[in-house]
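Visitor: The structure's right below; bear with me while I get my questions together.
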Amino acid sequence: MAQATYEERAARHPNACAKQLLNAIVEKQSNLCVSVDVTRKEDLLEIVDTVGPFVALVKTHVDIVEDFDWDLIEQLSALSIKHKFLIFEDRKFADIGNTVSLQYSSGVHRIAHWSHLTNAHLIPGPGIIAGLAAVGTPLQRGLLLLAEMSTKGSLTTGAYTTANVQAAMEDDSDFVMGFIAMHRVHEDPAHIPPGATDAQKAKDLLVLTPGVGLDVQGDGKGQQYRTPHQVVHDSGSDMIIVGRGIYSAMLSKGIERDEALAQVRTQAQRYRDAGWQAYLARLGTQPRRRSSRLGAPATPTRLAHTHTKRERASPPAQPADETHVEIDTGAGPSDSPVKKIKMELTEDEKRKVKVPKHWREAYALMVQQRDEIVTPVDTMGCEENGREDRRADRGRRGVDGQHESEEDAAKRLRFTTLISLMLSSQTKDPVTADAVYRLQTRLDNGLCLASLLATPDDVIQECIAKVGFFRRKTEYVRRVAEILRDRFDGDVPRTVDELCSLPGVGPKMAFLQMQSMGLNVGIGVDTHVHRISNRLGWCRTKTPEQTRLALQSWLPTELHGVINKQMVGFGQVICVPVGPRCDLCYVGKARRCPSYKKVDEKSRAKRVPIYYKDGTVDAGYGRVPVAKQEAIDAAEAEASEEPKQEPLDW
């Protein structure tokens, strides 16, 4: 793996955080991580802002910052967006699984909310990985195991190093993305576990190495230094970690601050160049010419969006009503051409959001009613279209005549869900489901990436002709298929930002796709969720993205993955846009909906019929068996000489 390029590894890496880091390394032409171990907030932010153009990763120890506050985190996260680097909080977790999960997610620092990756000792055993993964995996974070250390007399050697390698190889969650180590320990025969399988040995695990210096070999406190060439070229490490060798001028009392920052900048550029040249020498490649602008990356990189302070003026808050908050969604103008999706509110914005009273009771009533009725999303939703038991193209064989592997079936499911989501925009679920069915039955090998790429546009248009804007969507799905093939190793990307970079894919689709892949990173808010949330008084927002951020600020995380389907089904037949069935709504009858109103008796016949799981239907005049209602409809149609309308097959 040491001879593979960063680009090649990024394209196929299963860990979303590792993929982001590798992409940042490539696009900034920097394998440098700067470790900023200072005790004052002002110093930390100034150093990070100075070295930002030259690094792909910034390592912090926020627990040593004497004046720590949440504003530090927001400014640090804003700098990570500005300079396009990732953040690595060097926490070195070393407790049992339950404790580390709380240390990672909660407390004063709430590390998982803003740090892209962190690290841990394996002293408690593999349970520490499970504890951290439970928090970090849904947030697309990554974990490094401390397999070796650079200090003299370190005990992280021998059997302990081997145990780290074994734990990383056996981590089925792929949350472990690599090691802190002095060499490629997982490729060292001395540390490869005897029972490791070929698949485990082939895992791509990154190696980040501390103790790097160009001018000294030690610090008198046990730290030992090697040059970037020794670390990257000779030992095969992927990143160099440099601390005082870059920012030591800030620790000298005899140097003016501006001069000290200038020296920091010079040293950062110096180490950046040395690390990159060592990587190119390892590959046997000539260095590429850099941009004439100092520190400028060749192209912009995509990073997971965490806490972000906007650099332009925010609209004034409206103090008259705490539930009405003008929320910055991060979707406005930007110097970068990529979409930036804001993942959560700032602390100031959260303080202005009021948790609605009785929301739990209202939600429980909604769930109760949803359990009794049948809605389009239950049988024809985007995720259902790709399920193995509902696929119209299941049982297809590959070109070799063999049934598809589990991995190929999983890829097909993810791809089908993505295409379904793209087709669903401005289209009802039954129409989307019919379009997906046609693609699954008309394409040579069903609905998969290879088949779509090989299918002419006119055939795709015939299949999806009934969906809204079908010509534009044909272009979108074609381009998306090509992008997945060229940039994502033929699979659906696993970050919100990467999904939103695809043509025709917006935040709602991205979050729903992530949920379908078991990655709970946010709520998918469509027109139904937006409308119902505002009708219930859970928020007062103008756009679905504002609704998402408001709901995520107080709705328990365990509901983020289910709230969309509950509300969509509820909005399809009960809380419809025009003429809501308030006469049947459990929430309204319990006086838990401020938008509840009496239904005009004259309008009942025009209402959406409600189908129940017990075989009855309410078309406006009470529940009757479906067969009886069909007879009534037929008689009325015959009497009016109007063609009979076939009931929807839900």
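The values are calculated or read from the model by the stated rules, or taken from the named source; none is laboratory data. Every value quoted in this text rests on a predicted model; they were computed, and no experiment measured them. A quick note on method: Cβ atoms are made from the backbone with ideal geometry, for glycine too, and the neighbour counts reach across all protein chains shown. Side chains included, ligands, DNA and RNA excluded: accessible areas come from the protein's heavy atoms. Shrake-Rupley method; radii C 1.70, N 1.55, O 1.52, S 1.80 Å.
Visitor: For segment 173-189, give me the residue count where each residue is open to solvent by 20 Å² or more (accessible area, probe 1.4 Å) and more than 15 Å from GLY142 (Cβ to Cβ). Don't jump to the end; show me each part of the working.
Guide: The first filter runs over segment 173-189 and keeps only residues open to solvent by 20 Å² or more (accessible area, probe 1.4 Å), leaving 173-174, 182-183, 187-189.
Right, trim to more than 15 Å from GLY142 (Cβ to Cβ) and you get 182-183, 187-189.
Adding up the residues that qualify gives 5.
Visitor: Any residue that is open to solvent by 60 Å² or more (accessible area, probe 1.4 Å) and part of a loop (DSSP other than H, G, I, E, B) - is there at least one of those in segment 221-240?
Guide: From segment 221-240, those open to solvent by 60 Å² or more (accessible area, probe 1.4 Å) are 221, 224, 226, 229-230, 233-234; that's our starting set.
Narrowing the set further to residues that are part of a loop (DSSP other than H, G, I, E, B) leaves 221.
Yes, there is a match, as at least one residue in segment 221-240 is open to solvent by 60 Å² or more (accessible area, probe 1.4 Å) and part of a loop (DSSP other than H, G, I, E, B).
Visitor: So which of VAL492, VAL467 is open to solvent by less than 10 Å² (accessible area, probe 1.4 Å), within 29 Å of ALA24 (Cβ to Cβ) and in a loop (DSSP other than H, G, I, E, B)? I'd like the intermediate steps shown before the answer.
Guide: Values: VAL467 fails: within 29 Å of ALA24 (Cβ to Cβ).
Exactly one of VAL492, VAL467 is open to solvent by less than 10 Å² (accessible area, probe 1.4 Å), within 29 Å of ALA24 (Cβ to Cβ) and in a loop (DSSP other than H, G, I, E, B), namely VAL492.
Visitor: What's the number of the condition TYR271 fails, among (1) within 18 Å of GLY213 (Cβ to Cβ); (2) open to solvent by 10 Å² or more (accessible area, probe 1.4 Å)?
Guide: All conditions are met except number (2).
Visitor: Also: Taking the residues in segment 414-431 that are closer than 13 Å to ILE464 by Cβ and either of a type in the set (Gly, Ala, Ser) or more than 19 Å from the chain's Cα centre (by Cα) (or both) as candidates, determine which candidate is surrounded by the most Cβ atoms within 10 Å (Cβ to Cβ).
Guide: LEU423
Visitor: Look at LYS565 and say whether it is open to solvent by 30 Å² or more (accessible area, probe 1.4 Å), farther than 15 Å from TRP359 by Cα and without any contact (Cβ under 8 Å) to a residue 60 or more places away in the chain. Quick ask: steps written out before the conclusion?
Guide: On the way: open to solvent by 30 Å² or more (accessible area, probe 1.4 Å): yes; farther than 15 Å from TRP359 by Cα: yes; without any contact (Cβ under 8 Å) to a residue 60 or more places away in the chain: no.
So LYS565 fails the test.
Visitor: Same structure again: Take segment 425-458 and flag every residue that is more than 24 Å from PHE488 (Cβ to Cβ) and touching a residue at least 12 places away in the same chain (Cβ under 8 Å). Give the derivation first.
Guide: Initial filter on segment 425-458 (more than 24 Å from PHE488 (Cβ to Cβ)): 426-431, 433-434, 437-438, 441-442, 458.
Correct list: GLN426, THR427, LYS428, ASP429, PRO430, VAL431, ALA433, ASP434, TYR437, ARG438, THR441, ARG442.
Visitor: Could you pull out the residue among VAL608, VAL617, VAL568, VAL587 that is assigned to a loop (DSSP other than H, G, I, E, B) and of a type in the set (Val, Ile, Thr)? Before the answer, list the steps.
Guide: Working: VAL617 fails: assigned to a loop (DSSP other than H, G, I, E, B); VAL568 fails: assigned to a loop (DSSP other than H, G, I, E, B); VAL587 fails: assigned to a loop (DSSP other than H, G, I, E, B).
Only one candidate qualifies: VAL608.
Visitor: Being in a loop (DSSP other than H, G, I, E, B), over 26 Å from LEU72 (Cα atoms), open to solvent by less than 20 Å² (accessible area, probe 1.4 Å) and not β-branched (Val, Ile, Thr) narrows it down to one of LEU155, LEU145, LEU122, so name that one.
Guide: On the way: LEU155 fails: open to solvent by less than 20 Å² (accessible area, probe 1.4 Å); LEU145 fails: in a loop (DSSP other than H, G, I, E, B).
One residue alone meets the criteria, LEU122.
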